[in-house]
Amino acid sequence: MESIVSFCFALLAAPLLAAVIMKVKAYVAGKQGPPLFIKYYTLAKLFRKGSVYSNSTSFVFKLGPVISCCSAIMVLLFFPFAGVAPVFSFHGDVIILFYLLGLGRFFTILAALDTASPFEGMGAAREAYFSTLAEATIFVVLALFFRLTGSLSFAGYFTGTAVINLWNPPAGSLLLLVVVAMFMVLLTENSRVPVDDPATHLELTMIHEVMILDHSGPDLALIELGAYLKLFFYSAFITRLLYPFQLENVYQNGIIFYGIVCLIYVAVGITESIMARYRMHLVPKFILTSFALVFFATILTMEIVR
Amino acid sequence: MNAFFLSLAVILCGGVLPLFIHRQFNMMKAACFALVAAGCALGLFDTLSALLHPGVAATVSWPWLHIFALSFKMDSISAFFLIPIFLISPLAILYSLHYMEKPEHSLRTATNYFFNAVLIVSMALVACADNIPTFALAWEIMSVSSYFLVVYDFQDKDTRKAGYLYFIFAQGGAMFLFAAFAVIYRYTGNFAFIDLATLPETAKLIVFILAFIGFGSKAGIFPLHIWLPYAHPAAPSHISAVMSGVMIKMGIYGIVRIYELLGTPSLLFSQIVLVAGMITGVLGVVYALGKQDVKKLLAYSSVENIGIILIGLGIGMTGVATNTAAMAFCGFAGAFMHVFNHSIFKSLLFMGAGAILHKTKIRSIEQLGGLIKRMPITGRSFLVGSLAISGLPPFSGFIGEFLIYYGSFQGLHLTRASFILTAMAIVSLAVIGGLATACFTKVVGLAFLGEPRSAGAAQATEAGFTMQLTMVSLACACLLIGVLPAPFVRLAFKGIGDLQLVGGYAPDTFIEVLDNISKAAGLFLLLVLAISALRTLLSHAVYRHLLCRFHG
């Protein structure tokens with residue numbers, strides 16, 4: 001019961017948190033910014049609209065948003081928020097979940113190609129390339145976590161006895177590298193600056209945004225919702241790394257957890273405010289840096305973990 | 001093994017008969033399909049019963065030419081590799097009923113069916129051969145018959161060149177095999193396979209490396225893969241399906257068999273296989289990404305999948321060498337599972353490519369487009385095949401890769417080189433998966449989605465009935481294995497039963513994980529259905545609302 005409540009709360013909170021980034025960016029720019037509930041208004045507005053489909057599209061175009069949103073929901077179902085046990089969990093679930101995110105990406109790319117627009121094809125090619133590199137980082141992180149905890153599930157990493165702990169020397173110090181690398185993966189996978197600029201105006205320079213240009217109404221709403229959930233998942237992942245502790249009181253846990261998640265969103269907002277996006281050819285280097293960091297951490301475990 | 005040989009005889013009859021009745025074109029095809037299907041069904045039944053009720057491996061031996069003996073043995077490894085042979089081959093012939101539709105070439109078609117039957121029989125014999133002459137004989141018949149299948153379109157210069165290249169690689173590979181057999185004979189003094197375990201250590205290493213090169217040229221290990229992207233596009237599509245889905249797996253079978261016979265868990269073997277697998281897998285998919293010809297791309301993707309299978313074998317061998325039971329079991333079972341799955345989805349994809357080629361006469365995906373509207377069944381089956389080959393859940397490709405991942409993770413507690421190689425294997429699998437997604441979204445997106453980019457693509461029509469039937473049944477198999485993997489993985493666990501692995505691992509603990517995977521897959525499908533239903537309801541409600549406002 002507690003798990004389901006926690007899951008629903010996460011579903012509801014994700015759009016609110018996404019607005020935090022906008023608010024931070026506006027604050028840094030000296031503007032007032034949109035209200036905090038802007039994302040709910042956007043979703044409600046989109047859901048009330050109809051969809052427009054071009055004659056080029058087929059059923060794949062309609063399937064794309066549904067599957068990418070479902071894959072993000074699936075990941076949240078298996079994730080322990082604030083130390084509350086997840087709704088479902090089994091040994092090996094991380095592999096299937098990251099592959100489900102891959103399935104969501106597969107259909108997003110197909111939906112983009114289905115519009116027969118060359119711009120969308122370009123965005124799709126970039127997305128496929130960059131996310132492949134990010135996937136390598138993620139799987140090294142999983143390998144590192146397996147070496148530290150002997151577990152292959154989110155519940156195993158973040159709840160129970162053999163929990164991943166940043167504050168537990170000496171192995172914990174390696175997790176600093178993981179935190180940095182996962183933050184870079186978060187920026188990549190959620191198309192944030194410096195990898196991609198969600199607020200850019202030119203299709204030529206877009207990655208993710210250009211792929212969803214032709215979606216409208218509820219389809220777009222599902223894509224947006226999926227994006228909020230995915231961003232929330234990566235932030236929650238980093239939060240559990242930073243704060244692996246568990247208090248007696250569920251509410252205190254929740255408040256601390258969501259507080260740190262908020263801080264990560266603020267960090268994303270600040271990154272976006274103070275950095276420009278990289279030129280395309282620098283992006284792979286950025287992602288491979290995250291790979292190098294975690295691979296280095298994994299090699300270091302040869303001395304630390306016996 | 002009587003039923004097994006009876007089934008081979010029936011299949012061979014199915015091949016010989018068309019040569020005599022080729023003037024009745026349709027009757028010839030139907031008769032050939034009926035006989036081959038009956039033979040394969042019988043063979044499949046015999047194989048499955050041998051696999052499910054393991055006992056003493058059945059052996060048969062006949063004297064031949066006074067000095068040799070032809071001896072056969074069906075243990076669990078042979079039985080497992082026989083399943084794709086007996087499963088895919090009749091489907092390929094069913095597909096060819098609508099694919100081979102040129103009555104003016106009836107004799108050539110009949111010859112094609114003849115060599116096809118010979119290929120099926122020889123592959124089955126390779127999987128069961130139990131001494132050196134038998135194996136060499138079956139191996140050569142397999143290579144030669146598949147050469148004749150490749151050069152079906154012999155009037156075309158490129159086809160002849162492709163056939164020539166294939167012949168060189170097949171015979172060059174066989175040369176390495178004969179060298180390996182010579183080394184064996186030098187030490188054991190007889191032709192029996194069973195004595196391989198008595199070789200001295202250095203001889204074992206030489207035999208393994210020679211055999212690895214020989215079998216590798218058949219399987220398409222990098223850099224011996226060069227013939228694949230020429231021979232597969234040149235051959236008729238149902239032949240490419242059998243060659244890529246089934247025949248190159250005989251190379252994998254050879255590697256497994258020689259490993260089993262040598263019986264030494266040396267870490268060096270596993271490192272060779274693992275490194276070869278990683279290089280083959282990553283480079284295969286990178287080359288595939290750059291290809292525009294659909295069948296060339298699929299050929300390179302076969303190279304990639306051979307890499308994945310080798311990574312699985314390498315992980316399993318590492319597990320045996322380091323006494324890690326779970327790693328050994330999951331690595332080998334994952335490799336076997338991927339052999340089985342790849343035979344299904346790769347033949348599906350080649351058949352899809354064949355349907356495109358048949359209807360549009362276009363090879364380059366750049367000139368296709370929009371085919372899913374004109375060939376809805378082919379398009380949907382091809383989409384399922386692409387999802388499966390990219391290793392995405394809930395489709396079959398994921399199951400094999402999951403087993404290999406699972407085995408690799410169990411090896412992460414090792415030290416030094418084994419640890420680094422295991423971690424590298426995980427990274428390569430992730431990269432291969434990501435690049436395969438990129439590659440197959442490109443194929444599906446450019447060929448089937450969007451707008452047609454040439455007149456041929458715009459005028460395409462749906463493929464013939466038997467072609468659709470074959471592709472749909474293969475696509476259903478991909479989804480079924482992905483959602484309910486447990487019985488199929490049990491089969492793979494039975495298959496590795498006769499490999500001498502480390503004891504102490506109960507496959508049942510893994511079956512539990514598989515049950516959870518099928519639950520997760522089911523949950524995901526339910527979620528997709530629920531959200532789609534909500535989405536449809538919502539759009540109806542919105543539509544009605546807008547309609548009211550418009551009229552009001």
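Tell me whether the range B:526-545 contains one or more residues that are of a type in the set (A, V, I, L, M, F, W, C), touching a residue at least 60 places away in the same chain (Cβ under 8 Å) and in contact with a helix residue (DSSP H, G or I) (Cβ under 9 Å, 6 or more places away or on another chain). Scanning the range B:526-545 turns up no residue that is of a type in the set (A, V, I, L, M, F, W, C), touching a residue at least 60 places away in the same chain (Cβ under 8 Å) and in contact with a helix residue (DSSP H, G or I) (Cβ under 9 Å, 6 or more places away or on another chain).
Just one of the numbered conditions (1) part of a loop (DSSP other than H, G, I, E, B); (2) within 30 Å of B:Leu403 (Cβ to Cβ); (3) among the polar types (S, T, N, Q); (4) away from chain B (no Cβ under 14 Å) is not true of A:Ser89: (4). Note on the range B:446-457: residues that are facing another protein chain (nearest Cβ under 10 Å) and either in contact with a His (Cβ under 8 Å, 6 or more places away or on another chain) or assigned to a loop (DSSP other than H, G, I, E, B) (or both) total 5.
Once the range A:94-153 is narrowed to residues that are more than 9 Å from chain B (Cβ to nearest Cβ) and not in a helix (DSSP H, G or I), the residue that is nearest to A:Asn168 (Cα to Cα) is A:Ser151. Of all residues in the range A:69-85, those being away from chain B (no Cβ under 11 Å) and either of a type in the set (Gly, Ala, Ser) or touching a strand residue (DSSP E or B) at 6+ places or on another chain (Cβ under 6 Å) (or both) number 3. Total residues in the range A:192-211 satisfying the condition of being β-branched (Val, Ile, Thr), buried (at least 23 other Cβ atoms within 10 Å of the Cβ) and more than 15 Å from the chain's Cα centre (by Cα): the figure is 2.
Among the candidates A:Ser235, A:Ser290, single out the residue that is surrounded by 15 or more Cβ atoms within 10 Å (Cβ to Cβ), within 14 Å of chain B (Cβ to nearest Cβ), more than 30 Å from A:Val60 (Cβ to Cβ) and not β-branched (Val, Ile, Thr). Can you show your working first?
Values: A:Ser235 fails: within 14 Å of chain B (Cβ to nearest Cβ).
Being surrounded by 15 or more Cβ atoms within 10 Å (Cβ to Cβ), within 14 Å of chain B (Cβ to nearest Cβ), more than 30 Å from A:Val60 (Cβ to Cβ) and not β-branched (Val, Ile, Thr) holds for just one of A:Ser235, A:Ser290, which is A:Ser290.
Results for (1) surrounded by 14 or more Cβ atoms within 10 Å (Cβ to Cβ); (2) modelled with pLDDT of 85 or more; (3) over 17 Å from B:Asn116 (Cα atoms), shown as yes or no for each residue.
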position: B:Met1; (1), (2), (3): yes, no, yes
position: B:Cys13; (1), (2), (3): yes, yes, no
position: B:His22; (1), (2), (3): yes, yes, no
position: B:Lys29; (1), (2), (3): yes, yes, no
position: B:Leu42; (1), (2), (3): yes, yes, yes
position: B:Asp46; (1), (2), (3): yes, yes, yes
position: B:Ala58; (1), (2), (3): yes, no, yes
position: B:Ala69; (1), (2), (3): yes, yes, yes
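In the list B:Val472, B:Val443, B:Val431, which residue meets the criterion of being within 29 Å of B:Ser89 (Cα to Cα), assigned to a helix (DSSP H, G or I) and within 14 Å of chain A (Cβ to nearest Cβ)? Only one candidate qualifies: B:Val443.
Scanning the range B:391-426 for residues that are at the interface with chain A (Cβ under 7 Å from one of its Cβ atoms), assigned to a helix (DSSP H, G or I) and surrounded by 23 or more Cβ atoms within 10 Å (Cβ to Cβ) yields B:Phe398, B:Phe402, B:Tyr405, B:Tyr406, B:Phe409, B:Leu412, B:Ala423, B:Ile426.
Filtering the range B:484-503 to residues that are closer than 16 Å to B:Glu401 by Cβ and of a type in the set (Val, Ile, Thr) leaves only B:Val489.
Taken together, the residues in the range B:16-68 that are in contact with a Ser or Thr (Cβ under 8 Å, 6 or more places away or on another chain) and among the polar types (S, T, N, Q) amount to 2.
With the structure loaded, tell me whether A:Pro15 is over 29 Å from A:Gly83 (Cβ atoms) and in contact with a Phe, Trp or Tyr (Cβ under 9 Å, 6 or more places away or on another chain) or whether it fails that test. Against the criterion (over 29 Å from A:Gly83 (Cβ atoms) and in contact with a Phe, Trp or Tyr (Cβ under 9 Å, 6 or more places away or on another chain)), A:Pro15 does not qualify. When residues in the range B:22-37 are screened for being more than 25 Å from the chain's Cα centre (by Cα) and within 16 Å of B:Ile85 (Cα to Cα), 0 of them pass.
Residue-level check: of (1) within 7 Å of chain A (Cβ to nearest Cβ); (2) farther than 24 Å from A:Gly150 by Cβ; (3) assigned to a helix (DSSP H, G or I), B:Ala388 misses just (1).
The single residue among B:Ser96, B:Ser146, B:Ser78 that is buried (at least 22 other Cβ atoms within 10 Å of the Cβ), under 20 Å from the mean Cα position of the chain (by Cα), within 20 Å of B:Leu48 (Cα to Cα) and at pLDDT below 95 turns out to be B:Ser78. Note on the range B:487-514: among residues that are surrounded by fewer than 17 Cβ atoms within 10 Å (Cβ to Cβ) and of a type in the set (Gly, Ala, Ser), the one that is farthest from the chain's Cα centre (by Cα) is B:Gly504. Residues in the range A:30-71 that are among the polar types (S, T, N, Q) and assigned to a helix (DSSP H, G or I): A:Thr42, A:Ser68, A:Ser71. Scanning the range B:496-524 for residues that are touching a residue at least 12 places away in the same chain (Cβ under 8 Å), more than 12 Å from every other protein chain (Cβ to nearest Cβ) and on the phi < 0 side of the Ramachandran plot yields B:Ile496, B:Gly497, B:Asp498, B:Leu499, B:Gln500, B:Leu501, B:Val502, B:Gly503, B:Tyr505, B:Pro507, B:Ile511.
Put simply, of B:His342, B:His358, B:His338 the only residue that is over 23 Å from B:Ala477 (Cα atoms) and either at pLDDT 95 or above or touching a helix residue (DSSP H, G or I) at 6+ places or on another chain (Cβ under 8 Å) (or both) is B:His358. In summary, B:Leu480 fulfils each of the numbered conditions (1) within 9 Å of chain A (Cβ to nearest Cβ); (2) among the aliphatic types (A, V, I, L, M); (3) within 24 Å of the chain's Cα centre (by Cα) with the single exception of condition (1).
Right, B:Ala460: surrounded by 20 or more Cβ atoms within 10 Å (Cβ to Cβ), more than 7 Å from every other protein chain (Cβ to nearest Cβ) and not in a helix (DSSP H, G or I) or not? Answer is yes for this residue.
Within the range B:236-275, the set of residues being of a type in the set (A, V, I, L, M, F, W, C), over 20 Å from B:Ser146 (Cβ atoms) and either free of Cβ contacts under 8 Å to residues at least 24 places away in the same chain or surrounded by 23 or more Cβ atoms within 10 Å (Cβ to Cβ) (or both) comprises B:Val256, B:Ile258, B:Phe269, B:Val273, B:Leu274. Name the pairs: first residue in the range A:50-68 and within 8 Å of another protein chain (Cβ to nearest Cβ), second residue basic (Lys, Arg), Cβ to Cβ under 7 Å, at least 6 apart or on different chains? Going by the 7 Å Cβ cut-off, the qualifying pairs are A:Ser58/B:Lys373; A:Val66/B:Arg535. Residues in the range B:430-457 that are surrounded by fewer than 21 Cβ atoms within 10 Å (Cβ to Cβ) and of a type in the set (Gly, Ala, Ser) were compared, and the one that is nearest to A:Leu113 (Cα to Cα) is B:Ser454.
The helices (runs of 4 or more DSSP H) located wholly in the range B:181-252 that include 2 or more residues which are within 29 Å of B:Ser61 (Cα to Cα) occupy B:201-219. Restricting B:Leu546, B:Leu527 to those that are surrounded by 15 or more Cβ atoms within 10 Å (Cβ to Cβ), facing chain A (nearest Cβ under 9 Å) and not β-branched (Val, Ile, Thr) reduces the list to B:Leu527.
The values are calculated or read from the model by the stated rules, or taken from the named source; none is laboratory data. As the structure is a computational prediction, the values presented were derived from the model and not from experiment. Ideal geometry is used to build each Cβ from the backbone, glycine not excepted, and the neighbour counts take in all protein chains shown.
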